[in-house]
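Scroll down for the structure; my scribbles are underneath it.
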Amino acid sequence: MTIKGILTLFRLLLLVSATIHAKPPANPEELQATAAFARLKTLAGDWQAVGPNGEHSRLNYQVISSGTAVMERFTSDALPRNSGAMITVYYVDKGQLVLTHYCISGNQPHLRATRYNPESGELDFDFIDGGNIVSGDEGHMHSAKIRFIDDDHISSEWQFMQARSPKFTELSQFMRVK
């Protein structure tokens, strides 16, 4: 057997071992988190939206870290110049689906999924805490909703809070780029 063949066999054995030793979800909340995360993985690829003022927004989803995280990269003509992209990383932590949003506001809100309805396609997240958010008065994304309309259409709604009050809501309708 060649070195290449041995390495291929070794990779296959590692994959089989990981599958055999994978811990199944233990309760309904873990099942819901696992199902919602699996649905998020199906978003891999590029998405686009046109806002009410003609601004173009783009999403790129990548399944990363051996399938343990989904990274969302958001860019928009509506963002301030030179602000770059905002990144959101979704992952399951201790049986709960969570996200960390790396915002152009200079903070990193951490949200937890509070509801996933596979029939309606609705997935809701609420604020837990965040990096560079000390008092809660700082402007930050406080909640998020994703609606899986079909395989090629999603909507998102992000609520920004400042001084503990809603400041604005970003609503977008995205279509998969083929």
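Details
- A simple charge model with +1 on the Cβ of Lys and Arg, -1 on the Cβ of Asp and Glu and nothing else charged puts the dipole of the chain at about 620 debye relative to its Cα centre.
- Extension gain for VAL134 to LYS41 (0.36 nm times residue separation, less C-alpha to C-alpha distance): 30.3 nm.
- Average accessible surface area per residue within the range 47-122, 1.4 Å rolling probe, Å²: 53
- Ranking VAL50, ALA163, ASN82 by how far each Cα lies toward the positive end of the dipole of the chain (charges on Cβ) leaves ASN82 at the top.
- Helix 28-41 axis, angle to the chain major axis (alpha carbon atoms, nearest 10°): 80
- Using the alpha-carbon positions of the range 114-157, Rg (one decimal) and Dmax (whole number) come out as 13.4, 39 Å.
- Theoretical gain in end-to-end length, LYS94 to VAL177 [0.36 nm per residue, Cα-Cα removed]: 26.5 nm
- When you restrict to C-alpha pairs under 8 Å that are six or more residues apart and normalise by the size of the chain, the relative contact order lands at 15 percent.
- Simple label model, 7 Å out from Cα along Cβ direction - SER165 to ASP151, nm: 4.7
- SER66 paired with ASP126, simple spin-label distance in nm, labels 7 Å along Cα-to-beta-carbon: 3.4
- Using R0 = 22 Å, the C-beta based FRET efficiency linking GLN48 and SER83 works out to 0.75.
- Estimated FRET transfer efficiency (ARG73, GLU29; beta-carbon r; R0 25 Å; 0.05): 0.30
- Surface composition of the chain: carbon and sulfur make up 56 percent of the accessible area, probe 1.4 Å.
- Between the helical axis of 3-21 and the longest alpha-carbon principal axis of the chain there is an angle of about 70 degrees.
- Reach of LYS145 by Cα under 12 Å, taken over aspartates and glutamates that are not fewer than 8 positions away in the same chain: GLU122, ASP124, ASP126, GLU157, GLU170
The values are calculated or read from the model by the stated rules, or taken from the named source; none is laboratory data. In this text the structure is predicted, and so the values were computed from the model without any measurement. FYI the Cβ positions are ideal-geometry reconstructions off the backbone, even for glycines, and counts take in every protein chain you see. Just the protein is used for accessible areas: all its heavy atoms, side chains included, with ligands, DNA and RNA removed. Shrake-Rupley method; radii C 1.70, N 1.55, O 1.52, S 1.80 Å.
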